[in-house]
1. Can you name every residue in the range 152-174 that is of a type in the set (Ser, Thr, Tyr) and over 27 Å from residue 230 (Cα atoms)?
2. Any idea which residue in the range 62-99 is surrounded by the fewest Cβ atoms within 10 Å (Cβ to Cβ), counting only those that are in a helix (DSSP H, G or I) and among the basic types (Lys, Arg)?
3. Hey, does the range 282-289 have a residue that's part of a helix (DSSP H, G or I) and surrounded by 19 or more Cβ atoms within 10 Å (Cβ to Cβ)?
4. Within the set of pairs 6+ apart or on separate chains, which have a first residue in the range 269-283 that is over 26 Å from residue 238 (Cα atoms) and within 12 Å of the ligand (Cβ to nearest atom), a second that is assigned to a strand (DSSP E or B) and at pLDDT 95 or above, and C-beta atoms under 8 Å apart?
5. Taking residue 237, is it surrounded by fewer than 16 Cβ atoms within 10 Å (Cβ to Cβ) and under 20 Å from the mean Cα position of the chain (by Cα)?
6. For residues that are away from the ligand (no atom under 16 Å from the Cβ), in contact (Cβ under 8 Å) with a residue 40 or more places away in the chain and among the hydrophobic types (A, V, I, L, M, F, W, C), tally how many sit in the range 284-300.
7. If the Cβ limit is 8 Å and pairs must be 6+ apart or interchain, which residue in the range 105-122 that is closer than 16 Å to residue 191 by Cα and touching a residue at least 40 places away in the same chain (Cβ under 8 Å) pairs with which residue that is among the basic types (Lys, Arg) and part of a helix (DSSP H, G or I)?
8. Under 18 Å from residue 34 (Cα atoms) and more than 17 Å from the chain's Cα centre (by Cα), is that true of residue 216?
Amino acid sequence: MARLPIRPRRNRKTEAVRGLVRETSLGPKDLIWPVFVTDGARTPVASMPGVFRLPRADVVKEAKEAWKLGIPAVALFPALPEKLKDPLAKESVNPKGLLQRTVRDLKEAVPELCVITDVAMDPYSSDGHDGVVRDGRIVNDETLEILAAMAASQAEAGADLVAPSDMMDGRVAAIRSALDERGFTDTGILAYSAKYASAFYGPFRAALDSAPKHGDKKTYQMDPANAREAIREVQLDVAEGADIVMVKPALPYLDVLARVRDAVNVPVAAYHVSGEYAMAKAAGQLGWLDADAVLMESLVAIRRAGADMILTYAAREIAARL
Ligand code: PBG
């Protein structure tokens with residue numbers, strides 16, 4: 001018999017032992033469920049099997065179920081008809097807007113649930129961009145005023161966390177001061193700090209019909225080739241008052257996530273985005289991959305890389321299995 005005193009396999013002998021030595025946990029409490037809201041009928045999102053644009057009543061019902069599964073938070077994204085979109089995203093501050101009404105309904109029905117709202121112009125913009133377009137350019141400072149007013153409107157409706165996903169410079173500071181001026185000192189900011197210009201957002205844009213009408217988002221979202229720059233973005237957002245920072249997408253950017261985790265002391269979120277979800281589901285439908293197992297493994301990997309919390313469209317199915 002070969003003498004082999006050190007045998008790492010001993011720590012993998014049984015599920016009981018594996019459980020004792022497991023370094024990373026994944027539980028329902030780590031998950032945030034992103035939800036598409038509509039004023040119309042419940043409709044499936046073609047490229048995201050199992051995902052629907054939900055009317056408000058369904059959002060409330062399903063968010064209650066998610067809460068019962070142990071999911072502490074939802075992130076809302078309104079799908080608006082083209083006629084409500086304009087170059088300045090005016091509908092985003094309508095106190096009776098779809099998003100504001102949904103937030104109110106949710107806070108009334110499940111007050112303990114953490115409600116997160118997206119701050120960016122694209123669902124409301126006739127240009128499909130996250131900022132104001134002038135002569136083909138996305139102008140930063142003019143956009144800040146719109147974002148600040150949008151965040152205040154969401155806080156007024158009852159959002160627990162506002163989540164700027166626009167990648168304009170200085171938006172966290174602008175939002176923080178707009179919230180504080182109006183007395184919303186307890187409304188937190190979950191900043192999409194390191195958000196990359198990614199092809200993985202395709203199914204999301206199809207769900208909201210929010211793809212840019214011209215050009216792309218590369219003058220504001222980050223270059224996928226850069227990691228050091230992510231640290232700079234994150235540090236700026238923390239200095240401006242972000243309560244939580246985010247890396248997005250998740251799986252292709254685990255290195256960024258790990259570096260961000262080391263660089264700051266605020267909690268770190270990761271967004272397992274629409275394209276990541278679609279890939280797993282599509283391969284699963286073809287019988288090429290076990291989608292359930294792939295999703296579980298992906299989320300554990302995202303936690304291992306350093307995410308305290310994960311936004312994922314698979315939140316409910318994963319929570320139900322955990
Ligand atoms: C909009 C926004 C996007 C996502 C979240 N907020 C799309 C984009 O920036 O074009 C993508 C989420 C996903 O793909 O799941 N500011």
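The values are calculated or read from the model by the stated rules, or taken from the named source; none is laboratory data. What you see is a predicted model; the values in this text were computed from it and never measured. Methodologically, a virtual Cβ is constructed for each residue, glycine included, from the backbone with ideal geometry; neighbour enumeration extends over all protein chains shown.
1. Let us first name the residues in the range 152-174 that are of a type in the set (Ser, Thr, Tyr), namely 153, 165.
Answer for the range 152-174, where residues must be of a type in the set (Ser, Thr, Tyr) and over 27 Å from residue 230 (Cα atoms): just 153.
2. 83
3. To start, the set of residues in the range 282-289 that are part of a helix (DSSP H, G or I) comprises 282-285.
Then keep just the ones that are surrounded by 19 or more Cβ atoms within 10 Å (Cβ to Cβ); that gives none.
Checking the range 282-289: not a single residue is part of a helix (DSSP H, G or I) and surrounded by 19 or more Cβ atoms within 10 Å (Cβ to Cβ).
4. Sorted first by the residue in the range 269-283, then by its partner, the pairs are 277/312.
5. Values: surrounded by fewer than 16 Cβ atoms within 10 Å (Cβ to Cβ): no; under 20 Å from the mean Cα position of the chain (by Cα): yes.
Judged against the criteria, residue 237 is not a match.
6. The total comes to 2.
7. Correct list of pairs: 115/107; 119/171.
8. no
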